[in-house]
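Encoded as structure tokens, the structure appears first; notes follow it.
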Amino acid sequence: MPLQEPLAYPDKWEKDMTFRRIATEEAFIVPELAELFHHISRTNWSSLDIAILRINYRDPTGPRVRRLLDLEEERLAEMDREGVAMQVLSLTSPGVQILEPGLATDIARLANDRLAETIARHPTRFAGLAAFAPQDPAAAAKEMERAVRTLGLKGFILNSHTDGRYLDDEFFWPVLEAAEALDAPIYIHPRCPSDGMAAPFRLKEGGIENGNFENAAWGFAVETGTHAVRMILSGLFDRFPKLKIVLGHMGENIPFALWRLDRMGGVPRNRNISLQPSAYFKRNFTITTSGVECHKALAFSLDMLGEDNVMWAIDYPYQESGPAVTFMDSAPIADAVKHKVYAGNAERLFKLSPGA
Ligand code: MN
């Protein structure tokens, strides 16, 4: 019997225009940050993130930078063509977290202002997640409050570790207090593994041309999944029971690991926590489908987490919109569930007004 090709879904699919499609992990950049990334791409910085900066920003006029900078031309045209009602925009990885705290805070504010201006021009097409600089938690908390209360942004974007530190570190608690008080989710987006776990990811000097090992093929999920598991097993969600976290890439492999996390990391063995790890994951986390167009992984995640805990995402412009739409339209799941994954869950979590 032939094995089903894991990436298989139809090439052509008649789009079902009854679905409202909200894409929830969609990247943009502001010129000021693109220029900083360009300069950093020309340094010998030892972080694994340097490879991605070199690929994407070495040529400041290249297609990747162009598509990240563009918010209203190519992007809206592709959304119209592919039947995408709305993109939830966020400043691209690794965001401001690689900058020194003062500059990071300034760029986050500037990016949030520009994002809000774009949304004001297209309120039915875009919503946004605010950038913040966790390097300075007090300033971050202030900006998070401004972003939600004044700018109307719907949550926050964080690119995993900050200088090798993770959100369970008490240092970042002002940020978590702000997110919880504002009832707005933090989307923990990947970046490459922190310096402390970088060594096995260095296949080649500079990290380039190795099959995306340190980034999208594997390293992103190791870094970001580790971040989320630290938060769960440390008992952070007993201290912040209402904190809402979003993970992309079908949950960064965590859905598949939940049974064993409960068995080996759960109660009563783990004295930091009062609930099983899987209970926190279902209560405090929502995952998205960004960059994982596998029907079996989708079905498994819906089965493990429930139909309210999965949202659709494209990962524009790193992934193309058309295949992400075809993947979801053709998924062998009930239309009622598809409506939730495409729009209903995002409307609830990000408090978006239901579309016309
Ligand atoms: Mn992404």
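The values are calculated or read from the model by the stated rules, or taken from the named source; none is laboratory data. Since the structure is predicted, the reported quantities are computational estimates derived from the model, not experimental observations. Neighbour counts are summed over all protein chains in view; Cβ atoms, including those assigned to glycine, are modelled from backbone coordinates with ideal geometry. Just the protein is used for accessible areas: all its heavy atoms, side chains included, with ligands, DNA and RNA removed. Shrake-Rupley method; radii C 1.70, N 1.55, O 1.52, S 1.80 Å.
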Quick one: what pairs do we get from the range 236-250, first residue modelled with pLDDT of 95 or more, second more than 13 Å from the ligand (Cβ to nearest atom) and assigned to a loop (DSSP other than H, G, I, E, B), C-beta under 6 Å, 6+ apart or different chains?
236/168; 238/274; 244/185; 246/185
Which listed residue, of 280, 318, is farther than 11 Å from residue 251 by Cα, assigned to a loop (DSSP other than H, G, I, E, B) and hydroxyl-bearing (Ser, Thr, Tyr):
318
The range 337-351 residues that are in contact (Cβ under 8 Å) with a residue 12 or more places away in the chain, paired with ones that are among the polar types (S, T, N, Q) (beta carbon under 6 Å, 6 or more apart)
346/24; 349/286
Exactly one of 245, 232 is more than 16 Å from the ligand (Cβ to nearest atom), buried (at least 24 other Cβ atoms within 10 Å of the Cβ) and not acidic (Asp, Glu), and that residue is 232
Going residue by residue through the range 11-22, is there one that turns out to be modelled with pLDDT of 95 or more, within 28 Å of residue 247 (Cβ to Cβ) and within 16 Å of the ligand (Cβ to nearest atom)?
yes
Is there any pair with a first residue in the range 286-307 that is among the aromatic types (Phe, Trp, Tyr) and a second that is at pLDDT 95 or above and open to solvent by less than 30 Å² (accessible area, probe 1.4 Å) whose Cβ atoms are under 7 Å apart and which are 6 or more apart or on different chains, and what are they?
300/255
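Select, from 221, 216, the only residue that is within 17 Å of the chain's Cα centre (by Cα), surrounded by fewer than 23 Cβ atoms within 10 Å (Cβ to Cβ), of a type outside the set (D, E, K, R) and assigned to a loop (DSSP other than H, G, I, E, B). I'd like the intermediate steps shown before the answer.
Details: 221 fails: assigned to a loop (DSSP other than H, G, I, E, B).
From the options 221, 216, the qualifying one is 216.
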Given (1) open to solvent by 50 Å² or more (accessible area, probe 1.4 Å); (2) out of contact with any Gly (no Cβ under 8 Å at 6 or more places or on another chain); (3) modelled with pLDDT under 95, residue 54 misses just (2)
Residue that is farthest from residue 92 (Cα to Cα), among those in the range 290-333 that are within 16 Å of the ligand (Cβ to nearest atom) and among the charged types (D, E, K, R)
293
Looking at 103, 89, 129, can you tell me which residue is modelled with pLDDT of 95 or more, open to solvent by 30 Å² or more (accessible area, probe 1.4 Å) and not basic (Lys, Arg)?
103
Looking at 318, 342 in this structure, which one is among the hydroxyl-bearing types (Ser, Thr, Tyr), within 18 Å of the chain's Cα centre (by Cα) and open to solvent by 20 Å² or more (accessible area, probe 1.4 Å)?
318
(1) touching a Gly at 6+ places or on another chain (Cβ under 9 Å); (2) surrounded by 23 or more Cβ atoms within 10 Å (Cβ to Cβ); (3) over 21 Å from residue 161 (Cα atoms): which one isn't true of residue 82, the others all being true?
(2)
So the check is Cβ under 7 Å with 6+ separation or different chains; which pairs have a first residue in the range 148-172 that's closer than 21 Å to residue 198 by Cβ and a second one that's of a type in the set (Ser, Thr, Tyr) and in a helix (DSSP H, G or I)?
160/224
Selection from the range 29-68 of residues part of a loop (DSSP other than H, G, I, E, B) and touching a residue at least 24 places away in the same chain (Cβ under 8 Å) yields 29, 30, 46, 47, 48, 60
